Amino acid sequence: MMGLGFFFIAFFGVWFYRASRGWIETNRQFLWFSVFTLPLPWIAIESGWFIAEFGRQPWVVEGVLPTFYAASGLTVLDLVLSLSFFVLLYTALLIVMVFLMIRTVKAGPKDKFLAADDEDDFVIAALPKNPVTQELGS
Amino acid sequence: MSSIPLDYQTLRLIWWLLLGVLLIGFAIMGGRDLGVGALLPFAARTDDERRILLNLVGPTWEGNQVWLILGGGAIFAAFPPLYAVSFSGFYLAMLVILLALILRPVGFKFRGKVEDLRWRAVWDWSLFVGGVVPSLIMGVAVGNVLLGAPFHLDDTMRIFYTGNFLGLLMPFALLAGLVSVGMIVVQGASVIAGRTEGAMAERARTYGVLAALVTAALFALAGFWLGFLPGHVVTSVIDPNSPINPLSKTVELVTGGWLNNYRLYPWMLSAPIIAFAGLAVAAIALRGRARTLALLGSSTAIFGIISTAGLSLFPFFLPSATQPNSGLTLWDASSSHLTLFIMLLMTLLFLPIIILYTGFVFRVMRGTVSTDSLSKNPNAY
């Protein structure tokens, strides 16, 4: 968790440097690597949660309120039902969202944004492939 | 604790009032969006009309929903025992409200993404569910509070809730749920009639007038029924400055006891009178096409209806059906003196700010929404 925290700061720094030099699309491997860092924040959050929750046992409030005493009187059925509802609803919404994302990606930026307008108006699509040479040229 | 300028009793009463303000605030503000959602499949027939309704509440509904979170937060901070008993006890009911509310943001955001009528119908109906179900269950919850919840506390204040979800669906509670749906529909109809033109506004007026009349009838029926239900009356002497201990009092069940307050303090009858007057004004204004007046009447009705429930229960928040002495009142289920005072300072600081910026947003977003205004706005839903 701590390691990931430092990694995020460093990763942000590297990206800030690359972006300010205009090196956004220059390194294919680095772009792929960046895609695979997406789950890391969740891993960091979950491990932080584990540390906090395991670390404070057997207390909810250290020295004042023990965990067994603070737990609510919910039945196992209540918990099974609520967890199942959440899993089902969020899975359904995830499927819908992935469908929409794939659809948007497939449509691409051109159809949506560049139909009739001047192409230079759309900044990101109009970024030159290699901005450094572009700058020298002009 | 002599350094706190307001005494405990006063602070407890102020927080009881503030909780009412927040819940009424949610019902009036969030009720606009819940009501529009409830009327979405009926008042709006074509895709264009439905888009108009989404854009009517789209820019403001998220802000309105924060009143609900504020209300829940206020219960947590000002009346922790009430929070503990109600949120654990009504767990599955709260869950159903939450799941229905989750359907609203996705309904708003996903609906316009695909130009397919079946796709759009799915999200229209999820917005309908997201409007009706929370209104219904919150009303059912208030009905159950008046019936008393099946819980008791042991001598170390541990909570034992012995009911279940289906047990909440009692006839009187369902009646309260219908009153709640009715007043929310009047509110939604007033918003639609107030800010759209043409056939849809006319349909909204018809539904609004109908809902106002039905709500008035059901509200009257609920009041009449309440006279025959066992009400909880504290028979021991109440010390409003006492420490937090719900078990220190004795409570008796008296038939019609929930109407005692109106006998003791006749001014409290103004709450139900305001409720009926508000519904009447809303119905007349909707018929007479007075746009602002309809919304004003319907908001007043919501204020009156929720105040009636609160004043009938006073000083109770959550009476216990199974062990009446465990019932929670504002005098014995609050936070500490210091907590209530600090939170009052925070509220006095931030509530005006919230009201100011909310007012600003509503000012910016005022005016009618039509097909023309949608085609001019590239960010429309």
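Quantify how strongly other chains surround peptide A:72-80 by giving the mean number of their Cβ atoms within 10 Å of each of its Cβ atoms.
4
Give the longest segment of chain B that steers clear of GluC sites (Glu not before Pro) in DSSP loops with at most 13 neighbouring Cβ atoms within 10 Å, not counting the sites themselves.
B:198-381
If I take every Cα pair under 8 Å that is 6 or more residues apart in region B:122-249, average their sequence separation and divide by the length, what percent do I get for the relative contact order?
Dividing the mean separation by the residue count of region B:122-249 yields 23 percent.
For region A:2-106, what is the per residue volume of the convex hull drawn over the alpha-carbon atoms, in cubic angstrom?
Spread over its residues, the Cα hull of region A:2-106 gives 153 Å³ apiece.
Please compute, over every Cα-Cα pair in region B:83-184, the percentage with a separation greater than 20 angstrom.
Tail of the P(r) past 20 Å holds 48 percent of the pairs.
Scan region B:231-321 for trypsin sites (Lys or Arg not before Pro) in coil per DSSP, keeping those whose Cβ has at most 14 other Cβ atoms within 10 Å, and list them by number.
When the trypsin sites (Lys or Arg not before Pro) of region B:231-321 are filtered for loop state and at most 14 Cβ neighbours within 10 Å, B:Arg289 remain.
Using Cα pairs under 8 angstrom and six or more residues apart, how large is the relative contact order of region B:46-191, in percent?
Relative contact order, region B:46-191: 21 percent.
Give me the one-decimal nm value for the distance between modelled label points at B:Thr156 and B:Arg287, 7 Å along each residue's Cα-to-Cβ direction.
In this crude label model, B:Thr156 to B:Arg287 measures out at 6.3 nm.
Where in region A:1-98 are there trypsin sites (Lys or Arg not before Pro) that are in a DSSP coil and have at most 14 other Cβ atoms within 10 angstrom of their Cβ?
Hits after loop and neighbour filter: A:Arg21, A:Arg56.
Taking beta carbons within 10 Å but only from partner chains, what does the mean come to for residues B:112-120?
1
Based on the alpha carbon coordinates of the protein assembly as shown, what radius of gyration and maximum Cα-Cα distance (Dmax) apply, in Å?
27.1, 91
Regarding region B:230-301, what are the three Cα extents along the principal axes, ordered largest first, in Å?
For region B:230-301, the Cα spread along each principal axis is 55, 27, 18 Å.
What FRET efficiency comes out for B:Trp119 versus B:Met365 if R0 is 22 angstrom and r is the Cβ-Cβ distance? Round to the nearest 0.05.
Using R0 = 22 Å, I get an efficiency of 0.25.
Along the Cα-to-C-beta direction of A:Glu62, a point sits 7 Å from the Cα; which residues of region A:20-55 have their amide N less than 12 Å from that point?
Counting only backbone N, you get A:55.
Which value, in debye to the nearest 20, describes the size of the charge dipole of region B:205-320 about its Cα centre when Lys and Arg Cβ atoms bear +1, Asp and Glu Cβ atoms bear -1, and nothing else is charged?
Value, rounded to 20: 580 debye.
Please identify which residues in region B:278-322 have an amide N closer than 14 Å to a label point set 7 Å out from the Cα of B:Thr250, following the Cα→Cβ vector.
Answer for this model: none.
Could you do me a favour and compute the accessible area per residue for the protein assembly as shown, 1.4 Å probe, result in Å²?
I get 54 Å² per residue for the protein assembly as shown.
Tell me, what is the FRET efficiency for B:Asp47 and B:Ser236 to the nearest 0.05, using R0 = 45 angstrom and their Cβ-Cβ distance as r?
About 0.15, to the nearest 0.05.
Less than 14 Å from a label point 7 Å out along the Cα-to-Cβ axis of A:Met97: which backbone N atoms in region B:108-147 qualify, by residue?
B:109-110
Select from B:Ser88, B:Tyr207, B:Pro266 the residue farthest towards the positive end of the dipole of the protein assembly as shown; place +1 on Cβ of Lys and Arg, -1 on Cβ of Asp and Glu, and compute about the Cα centre.
Going by the charge dipole, the pick is B:Tyr207.
For a quick protection proxy, order the peptides B:100-107, B:228-235 by their average other-Cβ count within 10 Å, most packed first.
By packing density, highest mean first, the sequence is B:100-107, B:228-235.
Could you work out the relative contact order of chain B? I mean the mean sequence separation of Cα pairs under 8 Å and 6+ apart, divided by the number of residues, in percent.
Reported relative contact order: 23 percent.
What ratio of Cα Rg to 2.2 N^0.38 Å holds for region B:1-130?
1.35
Cα centroids of region B:298-322 and region A:44-70: how far apart, whole angstrom?
Region B:298-322 and region A:44-70 have Cα centres separated by 37 Å.
Thinking of region B:8-374 as a set of Cα atoms, what percent of all their pairs are more than 40 Å apart?
15
Would you work out the Kirkwood radius for region A:11-68? I mean one over the mean of 1/r across all pairs of different Cα atoms, in Å.
Computed over region A:11-68, the radius equals 14.6 Å.
Hey, got the dipole for chain B? About the Cα centre, +1 on K and R Cβ, -1 on D and E Cβ, debye to the nearest 20?
The dipole of chain B has a size of about 1000 debye.
Using the Kirkwood formula on the Cα atoms of region B:259-354, what hydrodynamic radius do you get, in angstrom to one decimal?
16.1
What do you get for trypsin sites (Lys or Arg not before Pro) in region B:1-62 restricted to DSSP loop and a cutoff of at most 12 other Cβ within 10 Å of the site's Cβ?
Hits after loop and neighbour filter: B:Arg45.
Suppose R0 equals 35 Å. What FRET efficiency, 1/(1 + (r/R0)^6) with r the Cβ-Cβ distance, do A:Phe16 and A:Glu46 give to the nearest 0.05?
0.85
Using a Gaussian network model of chain B whose springs link C-alpha atoms within less than 10 Å, name the residue from B:Asn241, B:Asn325, B:Asn144 with the highest mean-square fluctuation.
B:Asn241
Could you state the angle between the C-alpha long axis of helix B:291-313 and the longest principal axis of the C-alpha atoms of chain B, as a value from 0 to 90 degrees rounded to the nearest 10?
20
The values are calculated or read from the model by the stated rules, or taken from the named source; none is laboratory data. Everything numeric in this text was worked out from a predicted model, so none of it was measured. Heads up, the Cβs are rebuilt from the backbone with ideal geometry, glycines too, and the neighbour counts pull from every protein chain shown. These accessible areas exclude ligands, DNA and RNA; they are computed on the full protein's heavy atoms, side chains included. Shrake-Rupley method; radii C 1.70, N 1.55, O 1.52, S 1.80 Å.
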